[in-house]
Amino acid sequence: MKNEMPRLPYPTNGLEPVISSETIEYHYGKHLQTYVTNLLNLTKGTEYEQKEIEEIVATAPNGGIFNNAGQVLNHTLYFLQFNTPRQNNAPSGKLAELITRDFGSFEEFQKQMESAAVSLFGSGWAWLSVDKEGKLQITQESNAGNPLRQGNKPLMCIDVWEHAYYIDYRNRRADHVKQLWEIIDWAAVADRL
Ligand code: MN
């Protein structure tokens, strides 16, 4: 993956009413664009300039390059995991089997993922990732954190920085998180396994 803006697989109003086009315009169009621009500026002429974004996130020391690379990768995974809202939206195939094996049921997984997102103090991300043994894990990461830092492969994420939900949900983070289940593109998530 390169340090550049991902192309959205839906129009800016394609996630409504879960995420408004106004939020997409700010979150994707301004916040993510700023992280991409900052990272290009910070890496220019450094050893990181030609590196894949995943490698920068996994190896850069804490600081500006890591923060911006993390936010570019996190938001790319975030925006590309969504699709048009659907009722009773759920994973299938191998991913569904792994979720049942490691969390007991899809409903229990949803409960734990929501809890990780809602209870995270301050800005950060709730992640579903897979560890080196192939086991699924839910973790909380502050700020620009990504499971790659612990050697896990990131599969799905919930952004709980206020910019992700404040336009549409104001302070109601839990309501926002619950609505997100309607727009997860489980085929896109499963492709990351
Ligand atoms: Mn964000």
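The values are calculated or read from the model by the stated rules, or taken from the named source; none is laboratory data. Keep in mind that what you see is a predicted model, and the values were worked out from it rather than measured. Cβ atoms come from the backbone with ideal geometry, glycine included; neighbour counts cover every protein chain shown. These accessible areas exclude ligands, DNA and RNA; they are computed on the full protein's heavy atoms, side chains included. Shrake-Rupley method; radii C 1.70, N 1.55, O 1.52, S 1.80 Å.
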Percent carbon-and-sulfur accessible area, the chain, ignoring ligands, DNA and RNA, probe 1.4 Å
48
Determine the distance separating the Cα centre of region 1-30 from the Cα centre of region 109-143; give it in Å without decimals.
22
Pop out the ³J(HN,Hα) list for region 16-29 in order, Karplus 6.51 cos²θ - 1.76 cosθ + 1.60 with θ = phi - 60°, rounded to Hz; leave Gly and Pro as x.
5, x, 5, 10, 6, 5, 5, 4, 4, 4, 7, 5, 7, x
Stretchable slack from residue 26 to residue 153, in nm (0.36 nm times residue separation minus alpha-carbon distance)
43.0 nm
Mind checking the full-extension length gain between residue 192 and residue 94? Use 0.36 nm per residue of separation minus the Cα-Cα distance, one decimal, nm.
34.1 nm
Counting each DSSP H run of 4 or more residues in the chain as -39500 (n - 2.57), what helix-only mean residue ellipticity at 222 nm follows after dividing by all residues, to the nearest 500 deg cm²/dmol?
-12000 deg cm²/dmol
What residues have an amide H closer than 5 Å to that of residue 10, excluding those fewer than 5 places away on the same chain, when H is modeled at 1.01 Å from N in the peptide plane?
none
Long-range amide H contacts for residue 156: which residues qualify at under 5 Å (H placed 1.01 Å from N, peptide plane, sequence gap of 5 or more or a different chain)?
128
Can you pick out the pairs among 2/135; 2/132; 44/94; 30/94 whose Cα atoms lie more than 32 Å from each other?
44/94; 30/94
Please work out the average accessible area per residue across the chain, using the 1.4 Å probe convention, and give it in Å².
49
Amide H contacts of residue 185 (H built 1.01 Å from N, under 5 Å, at least 5 apart or other chain):
82, 83
Quickly rank 147-153, 72-78, 59-65 as a protection proxy: mean count of other C-beta atoms within 10 Å, highest first.
72-78, 147-153, 59-65
Over the C-alpha atoms of region 109-193, what are the Rg and the largest Cα-to-Cα span, Dmax, in Å?
12.6, 40
Rounded to whole Hz, the Karplus (6.51, -1.76, 1.60) HN-Hα couplings of region 56-71, x for glycine and proline:
4, 5, 6, 10, 5, x, 3, x, x, 5, 4, 4, 6, 5, x, 5
Label model pair residue 1, residue 162: point-to-point distance (7 angstrom along the Cα→beta-carbon line) in nm is 2.7
Using θ = phi - 60° and the Karplus relation 6.51 cos²θ - 1.76 cosθ + 1.60, list the HN-Hα couplings for region 162-177 in order, rounded to whole Hz, with x at every Gly or Pro.
4, 4, 6, 9, 5, 5, 8, 10, 6, 8, 8, 4, 4, 5, 4, 4
Please report the base-10 log of the normalised intensity I(q)/I(0) for region 25-74, using a Debye sum with one equal scatterer per alpha carbon and no solvent, at each q in 0.22, 0.30 (1/Å).
-0.71, -1.17
Express in % the proportion of alpha carbon pairs of the chain at distances exceeding 32 Å.
11
